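> Below is the structure I would like to discuss, written out as structure tokens.
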Amino acid sequence: MTSFLIRRLVYGALLMLGVVVLNFLLIRMAPGDPAVVIAGEMGGASEEMLAAIRQDYGLTEPLIVQLGIYLGNVLRGDLGQSFFFNQSVVSLIAQRIGPTILLVLSAQVLSIVIGTALGVLAARKPSGLLSGLVSVFATIGYAVPVFWTGIMLIILFASVLPVFPVEGMASIKLRDAPWIIRAADIAHHLVLPAFTLAIIYLAQYARLSRASMMEVLGADYIRTARAKGTPERTVLFHHALRNAALPILTVAGLQFGNLISGALLVETVFNWPGMGRLAFDSILRRDYPTIMGVLFFASAMVVVANILTDLSYRLADPRLRGGA
Amino acid sequence: MSYFMRAVKAAVLCATALTAPIAHADGGTLVIASTQVPRHLNGSVQSGLATGLPSTQIFASPLRYDETWEPQPYLAESWETSEDGLSVTLNLVEGATFHDGQPITSEDVAFSIMNTRDHHPFKSMFAPVETIDTPDAQTVVIHLSQPHPALLLALSPALAPVLPKHVFGDGQDPKSHPANSAPVGSGPFMLDEFTPGEAIVLKKNPNFFMEGRPKLDEIIVRIIKDSSALLIAMENGEADMYPFMAGSQEIRRLEKVDHLAITSEGYAGIGPINWLAFNTASPKLSDVRVRQAIAYAVDRGFITKALHRGVSKPQRGPIIESSPFFDETIPEYKVDLDKARALMAEAGFADGMELTVDYIPGPKEQQQTVAEYLKSQLKKIGIEVTVRAAPDFPTWAGRVGGHDFELTMDVVFNWGDPVIGVHRTYLSDNIRQGVIWSNTQSYSNARVDELLNAAAVEMDEAKRAELYAEFQQIVATDVPVYWINALPYHTAYDKRLQNVPNGIWGTLHPMDMVSWGE
């Protein structure tokens, strides 16, 4: 188990190194000069000012030297200064990683719980009305782009049924309210973005758990359990779902990366103050260090999520515990 | 789930109901919504509306301006320009302190003006400032290399924030000084919290040197980049003020909201002009007759009345029409397609030509829509226009700064005095490769250079107006730029707000008199 963990951590670290190098090169290949953006934001600039900005931000060095410097800094935990904001990338990300994790985890939990529940219910009667509805819902949910869902929900809840706030993470006027009110306020703001982000994955989990449950429900031990007179609920949730949950667990780990990229769109649509929106804005501003920093953290989150999935998979499935 | 959500909603509504009136009774909170993202909060080293709005609340300046273009006392209680125009003396108020309690002295003012001169992108504001003497703590004497009529305007809150020398003068690079994001200021509001790209929270400065001000307890600038989300926040009272609103749909939509008032006042100083610039170095556009033909073919009235739904005002010349220097009598090029075709033929383009128009990425209605209108309109005089979109600002800036364009839509600000915002577009010594908002038109006219250089040092207001009048006549004939409209900036605000700033700098002005009425 320990050697497995060490091996996974080493792979993870190598993967991160690859991610950093690739991101660095890809971003520098994009056209556009950050010095011009900064000068533009400042209200125009002279050649001297442009040259000074390029000098200040180390943009005059050859690319490979810039990469070397960057890697050295990353190893020391320094992700650099944002080109755009007068702040370090670490501090910018520190302000935003919380909201992103909150959004992504909420969406993950929502999609797994509701998706699995729908799938289990549908699997009980594979040709029934509910099963059909779940299939239709799953197909639609999977097919519609997440930003479209977001915009439709905004239209619905902004004008037709103004029950949920459609932008931001908290009401600014409640910032001095007691924490319980602020927590409720954040939960209230979280509903639409979390649901929007969850909907694609919710559909997938519903399909997956339906298929997986149908397979398991046909197994001999389920028939035996039913023959013994075990209550149907126990059969479904205790005997069947435990086994059917293994593929769900695998997919949940793999989907984590997709959820983070989905968060970029959802955060942009709902003005959610997370890393995704920071990444989106930073790309438009050619703020290389910030883009790199966000990608670094996002990749780290995915790598960690995958390692955790592998571990939990081994815990959940006794067959995997012995060998590699 | 639904029960939970109802409970949450009820709790939030309760909290809103409970906190709102309490907050408003004692000074209260003003929430300003903005799409503009400031890099930091120090207007001494950064131009623009995004930084200007918080910077003018955090920092005081020597002078301030109301709607009459006349300077008013601020940190300087009086001021005097010498006979020869070569020195200006400021007498500072006594007892003013920075947010950390240190006194504001002449040393700080001198340091700040020099800092702005050396590090602000608008070089012309303080370029003639040679030295500054501080004979005592309350007296500042600015020595100039030449008379500088724009100086007093450049001492405005938006352009000359007074910084604490003991914080900013520590030898670090002023452009990336950490205090730019966490400033110790001198103005009516103090920084409480700054989340880049999200929000700026400002609290009342209880020791502000102007008695009884500010009225508000708190100003929060909320950055909402998505304008539809911003409009919803204005409609449901999450935000109380929305400055720099330029979209006709936005303006028309908020006009219908009962609790909001809308004004177009407060933007004369910024003087935002939306225009079509010509690359006069291009062989197709070097002939003035081609440029005039295009001017005769375009219908400014159609753009402002139809495309902008009547929210924007036509702009006929290089100086914003709301400025005292604007010359009413310049040619305005009323639509005349026959004349336009004749001019094209005279210039040797009777068979027409092909042109590409770029546009600065920004509000679609001001830029892209107009560019597309040009395509159909110029076809009538034989010009085949290709509209070339830029995916983002750097791409556009690269093309225009690199003089790799034929026509481009652009928005350029006057910034109060022509010396600051107008000269840069027309002076031939400001034709500089790689620099946007310089003379990217490559326009060169010796008489224009002469007039602008004379106006830059003419202290007599009337004589200066004459120089600018002649300048405007010449450029309106040469049309290096076809001016279209003043960007229709509007401010929407809660009707209960009192004294919403409507001077020449609008919300780039200390909001120390703004308060909540009944």
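> Treat every Asp and Glu Cβ in the range B:295-356 as -1 and every Lys and Arg Cβ as +1, leave all other atoms uncharged, and give the resulting dipole magnitude about the Cα centre to the nearest 20 debye.
Here the size comes out at about 340 debye.
> What ranking, highest mean first, results for peptides B:88-95, A:97-104 when packing means the other Cβ atoms within 10 Å averaged over each residue?
Result, highest mean Cβ count within 10 Å first: A:97-104, B:88-95.
> Another one. Any chance you could run the full-extension gain for A:F237 through A:Q55? It's 0.36 nm times the residue separation minus the Cα-Cα distance, nm to one decimal.
Extra length from A:F237 to A:Q55 when fully extended: 59.2 nm.
> Looking at the protein assembly as shown only, what percent of DSSP beta bridges run antiparallel? Nearest 5 please.
75 percent
> Now for a different question. What is the helix-to-structure angle for A:129-143, meaning the angle in degrees between its Cα long axis and the longest Cα principal axis of chain A, kept from 0 to 90 and rounded to the nearest 10?
10 degrees
> Taking the Cα of B:E94, stepping 7 Å toward and past its beta carbon, and measuring to each backbone N in the range B:211-227: which are under 20 Å?
Backbone N within reach: B:211-212.
> Can you give me the distance in nm between label points at A:L284 and A:N73, each placed 7 Å from the Cα along the Cα-to-Cβ direction?
2.4 nm
> Also, quick follow-up: As a test of the definition: which semi-axes, in Å, follow for the range B:63-167 when you take the square root of five times each eigenvalue of its alpha carbon gyration tensor? Largest first, please.
Listed largest to smallest, the semi-axes of the range B:63-167 are 20, 15, 15 Å.
> Roughly what % of Cα-Cα distances in chain B sit above 39 Å, to the whole percent?
Of the Cα pairs, 29 percent sit more than 39 Å apart.
> Report, in listed order, any pair from B:K225/B:K305; B:K284/B:K379; A:K173/B:K175; B:K123/B:K225; A:K173/B:K204; B:K339/B:K379 with a Cα-Cα distance greater than 24 Å.
B:K225/B:K305; A:K173/B:K175; B:K123/B:K225
> How do A:107-118, B:425-436 rank on mean C-beta neighbours within 10 Å, highest first?
Put in order of decreasing packing, that is A:107-118, B:425-436.
> Now a separate question. With point charges of +1 on the Cβ of Lys and Arg and -1 on the Cβ of Asp and Glu, referenced to the Cα centre of the range A:2-75, which listed residue (A:L67, A:Q55, A:I6) lies farthest in the positive direction of the dipole?
The residue sitting farthest along the positive end of the dipole is A:I6.
> Now a separate question. Check the straight Cα-Cα distances from A:K228 and name the lysines below 29 Å, setting aside those fewer than 8 residues away within the same chain.
Of all the lysines, those that pass the test against A:K228 - Cα under 29 Å, at least 8 places apart if same chain - are A:K125.
> Just subtract the alpha-carbon distance of A:A117 and A:D310 from 0.36 nm times their residue separation and send over the number in nm, one decimal.
67.1 nm
> Residue by residue through B:36-43, how many Cβ atoms from other chains fall within 10 Å of the Cβ on average?
3
> While we're looking at this one, here's another question. For the pair B:Q72 and A:I155, how long in nm is the line joining their label points, each one 7 Å along Cα→Cβ?
About 4.6 nm separates the two model spin labels.
> Now a separate question. For the range A:37-149, what is the charge dipole size about the Cα centre, in debye to the nearest 20, if Lys and Arg each add +1 at the Cβ and Asp and Glu each add -1 at the Cβ?
Using only the charged Cβ atoms, the result is roughly 920 debye.
> Given a Förster distance of 60 Å, report the FRET efficiency between A:V10 and A:L130 from their Cβ-Cβ distance, rounded to the nearest 0.05.
Using R0 = 60 Å, I get an efficiency of 0.80.
> For the range B:272-486, restrict the atom set to alpha-carbon positions and state the Rg and Dmax in Å.
16.3, 50
> Further, regarding this structure: Once both axes come from the Cα atoms, what is the angle between helix A:47-56 and the longest principal axis of chain A, in degrees from 0 to 90, rounded to 10?
Tilt relative to chain A: about 50 degrees.
> Further, regarding this structure: Computed over the Cα atoms, what is the radius of gyration of the range A:2-75 divided by 2.2 N^0.38 Å, N being its residue count?
Normalised by 2.2 N^0.38 Å, the Cα Rg of the range A:2-75 equals 1.54.
> Compute the signed sum of charges (Lys and Arg +1, Asp and Glu -1) over the other residues within less than 15 Å, Cβ to Cβ, of A:A245.
+3
> OK, next. Tabulate in residue order the Karplus-calculated ³J(HN,Hα) for the range B:66-80, using 6.51 cos²θ - 1.76 cosθ + 1.60 with θ = phi - 60°, rounded to whole Hz; enter x for Gly and Pro.
9, 7, 9, 6, 9, x, 10, x, 9, 6, 8, 7, 8, 7, 8
> Then there is this: Grab the beta carbon distance between B:Q498 and B:K379, set R0 = 60 Å, and tell me the FRET efficiency rounded to 0.05.
That pair, B:Q498 with B:K379, gives E of 0.70.
> Okay, next question. Express the C-alpha Rg of the protein assembly as shown as a ratio against the empirical globular expectation 2.2 N^0.38 Å, rounded to two decimals.
Cα Rg divided by the expected 2.2 N^0.38 Å: 1.08.
> Further question: Compute the length gained on full extension between B:D173 and B:T263: take 0.36 nm times their separation in residues and subtract their Cα-Cα distance, giving the result in nm to one decimal.
Full-extension gain reported as 28.4 nm.
> Could you state, as a whole-number percent, how many of the C-alpha pairs of the range A:125-266 are farther apart than 23 Å?
53 percent
> Once phi is turned into ³J(HN,Hα) by the Karplus curve 6.51 cos²θ - 1.76 cosθ + 1.60 with θ = phi - 60°, what whole-Hz value does each residue of the range B:34-40 show in order, with x for glycine and proline?
My calculation for the range B:34-40 gives 8, 8, 7, 9, x, 6, 7 Hz in order.
> With charges only on Cβ, +1 for K and R and -1 for D and E, what is the dipole size of the range B:63-167 about its Cα centre, in debye, rounded to 20?
Result for the range B:63-167 is approximately 400 debye, rounded to the nearest 20.
> Something else: Can you work out the FRET efficiency for the pair A:L25 and B:K123, with r the C-beta to C-beta distance and R0 = 51 Å, to the nearest 0.05?
My answer for the efficiency is 0.85.
> Right, here's the next one. Compute the long axis of helix B:368-379 from its Cα atoms, compare it with the longest principal axis of the Cα atoms of chain B, and write down the angle in degrees, 0 to 90, nearest 10.
So the inclination is approximately 10 degrees.
> Ok, one more. Between B:T139 and B:S286, how many nm apart are label points set 7 Å from Cα along the C-beta direction?
5.8 nm
> Among B:P363, B:A446, B:V93, which residue has its Cα positioned farthest towards the positive end of the charge dipole of the protein assembly as shown, with +1 placed on the Cβ of Lys and Arg, -1 on the Cβ of Asp and Glu, and the dipole taken about the Cα centre?
B:P363
> Put +1 on the Cβ of each Lys and Arg and -1 on the Cβ of each Asp and Glu in the protein assembly as shown; which of B:S264, A:A244, A:L264 then has its Cα farthest toward the positive end of the dipole?
A:A244
> Follow-up. Less than 16 Å apart at the alpha-carbon level, and either on another chain or at least 8 residues along: which aspartates and glutamates does that give for B:K495?
B:E235, B:E238, B:D240, B:E255, B:D258, B:E265, B:E518
> Excluding B:G237 itself, what net charge comes from residues whose Cβ is under 12 Å from its Cβ, given Lys and Arg +1 and Asp and Glu -1?
For residues surrounding B:G237, the net value is -2.
None of the figures in this text is laboratory data; all of them are computed from the coordinates on show. Not measured: the values here are computed from a predicted model. Positions of Cβ are backbone-derived with ideal geometry, glycine not excepted, and every protein chain shown enters the neighbour counts.
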